[in-house]
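Below you'll find the structure, written out as structure tokens, and then a few comments.
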Amino acid sequence: MASIDQESQSDTFLSTEGDAWFYRNENQLSKDRQLDIDFLSKTLISRKSEIRNILEIGCAGGHKLAALAHIFGATGYGIDPSKAAIQSARKSAKLSDSKLNFVTGLATDLPYPDAKFDLVFFGFCLYLVPPKEIFKAVMEADRVLKSGGYLAIVDFDYGQLKVNPYKHADGVYSFKNNYSQFFTSSGYFHLVSKWSFSHLGNSFETDKDERLAIEVLFKEFN
């Protein structure tokens with residue numbers, strides 16, 4: 001495998017590929033059944049009164065964040081490297097007069113104060129964070145999440161590290177990994193629930209390359 005320019009990968013998503021990804025998927029994003037959001041909301045609905053501020057990292061056009069904010073009666077904050085996605089999200093939020101706020105940026109540098117959020121949601125984006133920066137993303141999510149808050153991760157469910165070339169941009173790679181373990185192995189996060197599904201359907205898939213999962217964690221301590 002060729003050497004990976006990890007700083008360049010993040011720059012690529014901020015400058016070009018973030019927008020390109022959004023344009024490729026924009027129509028489908030608005031049509032998605034959002035089964036992961038259904039699972040997340042059912043898992044946490046008994047804690048509704050505790051969830052007042054929600055952050056989605058990798059929010060794309062904001063459809064899932066809008067659904068979560070509506071379900072929990074919360075204020076939603078979204079961040080994404082795509083300027084086009086954020087413009088679309090802001091337009092939709094303005095039309096719906098909802099309590100939603102969107103900014104362009106990366107998981108490794110969240111522009112929010114410590115312990116602001118009751119729920120932090122990684123929206124299928126960690127697999128594109130290069131290894132040199134993954135601990136920054138983990139630390140930033142932990143920093144902005146309150147003690148007693150919840151963390152949700154949607155990503156590939158490969159079970160271990162697997163590095164693949166990213167087919168849409170030269171010099172970019174995807175990093176399938178067991179990202180919930182970055183949090184639970186610390187002893188400060190507890191796995192509340194997990195649903196394993198796939199691009200092919202809503203049930204467990206024996207093909208590791210097709211598996212996806214949403215995992216919900218509880219933050220035990222600061």
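The values are calculated or read from the model by the stated rules, or taken from the named source; none is laboratory data. Please read these numbers as outputs of a predicted model, since none were measured by experiment. So basically every Cβ, Gly included, is an ideal-geometry build from the backbone, and we count neighbours across all protein chains shown.
Taken over segment 185-217, the criterion of being under 20 Å from Gly148 (Cβ atoms), buried (at least 16 other Cβ atoms within 10 Å of the Cβ) and more than 16 Å from the chain's Cα centre (by Cα) is satisfied by Phe189 alone.
For segment 190-222, a residue qualifies if it is of a type in the set (Lys, Arg) and closer than 15 Å to Asp38 by Cα, and exactly one does: Lys194.
Assess whether Leu106 counts as being modelled with pLDDT of 95 or more, under 14 Å from the mean Cα position of the chain (by Cα) and in a loop (DSSP other than H, G, I, E, B). Walk me through it before giving the result.
Numbers: modelled with pLDDT of 95 or more: yes; under 14 Å from the mean Cα position of the chain (by Cα): yes; in a loop (DSSP other than H, G, I, E, B): yes.
Judged against the criteria, Leu106 is a match.
Of the listed requirements (1) touching a residue at least 40 places away in the same chain (Cβ under 8 Å); (2) in a loop (DSSP other than H, G, I, E, B); (3) over 22 Å from Gly73 (Cα atoms), Phe135 misses just one: (2). Within segment 34-64, the residues that satisfy the criterion of being without any contact (Cβ under 8 Å) to a residue 60 or more places away in the chain, more than 22 Å from Glu140 (Cα to Cα) and in a helix (DSSP H, G or I) are Ile37, Asp38, Ser41, Lys42, Ile45, Ser46, Lys48, Ser49, His63. Taken together, Ala67, Ala93, Ala85 contain a single residue that is free of Cβ contacts under 8 Å to residues at least 40 places away in the same chain, outside any loop (DSSP other than H, G, I, E, B), buried (at least 19 other Cβ atoms within 10 Å of the Cβ) and among the hydrophobic types (A, V, I, L, M, F, W, C), which is Ala93.
With the structure loaded, tell me whether Leu217 is among the hydrophobic types (A, V, I, L, M, F, W, C) and more than 17 Å from Leu128 (Cα to Cα) or whether it fails that test. Yes. Checking the condition of a type outside the set (Val, Ile, Thr), touching a Ser or Thr at 6+ places or on another chain (Cβ under 9 Å), touching a residue at least 24 places away in the same chain (Cβ under 8 Å) and at positive phi, which residue from Gly159, Gly171, Gly148 passes? Exactly one of Gly159, Gly171, Gly148 is of a type outside the set (Val, Ile, Thr), touching a Ser or Thr at 6+ places or on another chain (Cβ under 9 Å), touching a residue at least 24 places away in the same chain (Cβ under 8 Å) and at positive phi, namely Gly171.
Counting only residues that are in a loop (DSSP other than H, G, I, E, B) and either touching a residue at least 40 places away in the same chain (Cβ under 8 Å) or in contact with a Leu (Cβ under 8 Å, 6 or more places away or on another chain) (or both), how many does segment 109-132 have? Matching residues across segment 109-132 total 8.
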